[in-house]
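The values are calculated or read from the model by the stated rules, or taken from the named source; none is laboratory data. Treat the numbers as computed from the prediction; the structure is a model and nothing was measured. Methodologically, a virtual Cβ is constructed for each residue, glycine included, from the backbone with ideal geometry; neighbour enumeration extends over all protein chains shown. Keep in mind that these areas ignore ligands, DNA and RNA; they rest on the heavy atoms of the full protein, side chains included. Shrake-Rupley method; radii C 1.70, N 1.55, O 1.52, S 1.80 Å.
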Amino acid sequence: MRVYNFSAGPSMLPESVLAKAASEMLDYNGSGQSVMEMSHRSRVYEEIINGCESVLREVLSIPDNYKVLFLQGGASSQFSMIPLNLMNGSGKADFVISGMWAKKAYAEASRYGSCKAVASSADKTFTYIPKLDPDTFTKDADYFHICHNNTIYGTRFTELPDTGNVPLVADMSSDILSAPIDVSKFGLIYAGAQKNMGPAGLTVVIIREDLIGHARDITPTMMDYKIHAENGSMYNTPPCYSIYICKLVLEWLRDEIGGLEKMKELNERKAGILYSFLDSSSMFKGTVEKADRSLMNIPFVTGNEELDKKFCKQSEAAGFVNLKGHRSVGGMRASIYNAMPEQGLKDLVAFMKKFEEENK
Ligand SMILES: *Cc1c(COP(=O)(O)O)cnc(C)c1O
């Protein structure tokens, strides 16, 4: 039996993608080999990586003046790669501290330049997105960084800051491809693939071309966007298999779901099922401001640690796995990325109702 996996990442993949990958495991498209075995310089693999990029461009409507890079090292490596490549003018950058990942990006960039936290929601354990005042933004900053969806705390930006000419940089690890976005509003978007795009090992960077080619002299070759852009993400061996699965996920999103507008509708419906239950339950409560609620990560608590523990144990046994909350929030967290079926939410809520009834 397949379980409903509510992990924050790595997370579920669409079943049809897994079935396709399985059917192609021993012999990809008549090549007589698995995608894992083939040379990344072969014609057959070139079609896979180029195909992945072109479906991504199509699904996200990425403008022509943006490069797509398939990298490694996780979103965490971008915390240093971004300042090494972008902090090349005033040496300043602005950050919104909306959670743990935003804080890590800020701390890492502070090793390379002068970083300013223009707003923070640390005062209330990151349960909301702080209001921003453009007057406090650094006018000559080299970039302005946000974490678009806060995976641990379950909040998301619903409105982008107006940063004028300062490039907006967004960590979208946990909500890329969950809804349409206007890529042209960003200088750089980055995401670890293991939440909404495919397996771990692949990091996707979407970067405006004019931001490439200004890395500091000390930048390691492998950390220079220019090197990867000039070599079509093939300067060294790319994460071949993860890129292949990412391509299948993108094709699923385009052909089976019907694109990002449809994906957004589906995600709103899925999240709505759990949120409306949390709002009506007398046992379970959501932990964040309603206006800032994430569609992807939904933390909730009972208010009683023993009961939380009991719930995690019983839900796990019933096939709802990885609902335990992040250690910094406690309670539970349901991560419901694109591949989580709507039925998973219906079944989870039915289970929660039953649990509430039995533990009054
Ligand atoms: C998971 C996550 C990260 C870390 O990703 P890695 O690929 O493990 O480095 C960074 N930012 C956000 C928003 C995340 O959700």
Overall Cα dimensions of the range 259-358, principal axis frame, Å, largest first: 42, 28, 25
Estimated vicinal HN-Hα couplings, Hz - the range 353-359 in sequence order (Karplus 6.51, -1.76, 1.60; Gly, Pro = x): 4, 5, 4, 4, 4, 6, 10
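Per 0.36 nm of contour for each residue apart, how much would the distance between S328 and S39 grow if the chain were fully extended, relative to their Cα-Cα spacing?
Extending this stretch completely gives an extra 99.7 nm.
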Percent of C-alpha pairs per 10 Å bin, the chain, short to long: 5, 24, 31, 25, 12, 3, 0
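Which value in deg cm²/dmol, rounded to the nearest 500, describes the helix-derived mean residue ellipticity at 222 nm for the chain, given -39,500 (n - 2.57) per DSSP H run of n ≥ 4 and division by the residue count?
Calculated from helices alone, the mean residue ellipticity at 222 nm is -10500 deg cm²/dmol.
Based on the Cα atoms of the range 302-360, what semi-axes does the equivalent ellipsoid have, where each is the square root of 5 times one gyration tensor eigenvalue, given in whole Å with the largest first?
Values: eigenvalues 68, 47, 16 Å².
Computed over the range 302-360, the values are 18, 15, 9 Å.
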Share, in percent, of DSSP beta bridges within the chain that are antiparallel, nearest 5: 55 percent
Whole-Hz ³J(HN,Hα) from phi, Karplus 6.51 cos²θ - 1.76 cosθ + 1.60, for the range 22-34, glycine and proline x: 5, 5, 9, 4, 8, 8, 7, 6, x, 7, x, 8, 7
GNM flexibility winner over the chain from N150, N338, N65 (Cα, springs under 10 Å): N65
Å² per residue, accessible surface of the range 221-320 at 1.4 Å: 45 Å²
Segment E265-A317, extension gain: residue separation times 0.36 nm, minus the distance between their alpha carbons: 15.7 nm
Which of W252, W101 is most accessible, then next, and so on - probe 1.4 Å: W101, W252
Extreme residue, positive dipole direction of the range 15-257, given options Q194, C147, H40 (C-beta unit charges): C147
In sequence order, calculated HN-Hα J values of the range 59-76 (Karplus, 6.51, -1.76, 1.60; Hz; x Gly/Pro): 5, 8, 6, 6, x, 5, 8, 10, 9, 10, 10, 9, 10, 10, x, x, 4, 4
Farthest toward positive dipole pole in the chain [+1 Lys/Arg, -1 Asp/Glu at C-beta], among Y235, V349, G272: V349
Partners for K354 among aspartates and glutamates (Cα-Cα distance below 17 Å; same-chain residues under 8 apart left out): D279, D308, E316
Entries in K67/K195; K262/K324; K103/K285; K290/K360 that, when Cα-Cα distance is taken, lie over 24 Å: K262/K324; K103/K285; K290/K360
Computed E for M222/E342 - FRET, C-beta separation, R0 30 angstrom, nearest 0.05: 0.15
Residues with amide H under 5 Å from that of K324, placed H, sequence gap 5 or more: R333
Förster radius 41 Å - calculated FRET efficiency between D27 and D162, Cβ distance, rounded to 0.05: 0.20
Zone of S16's modelled label, taken as backbone nitrogen in the range 30-74 under 15 Å from a point 7 Å along Cα→Cβ: none
Sorted largest first, extent of the range 56-121 alpha carbons per principal axis (Å): 35, 28, 22
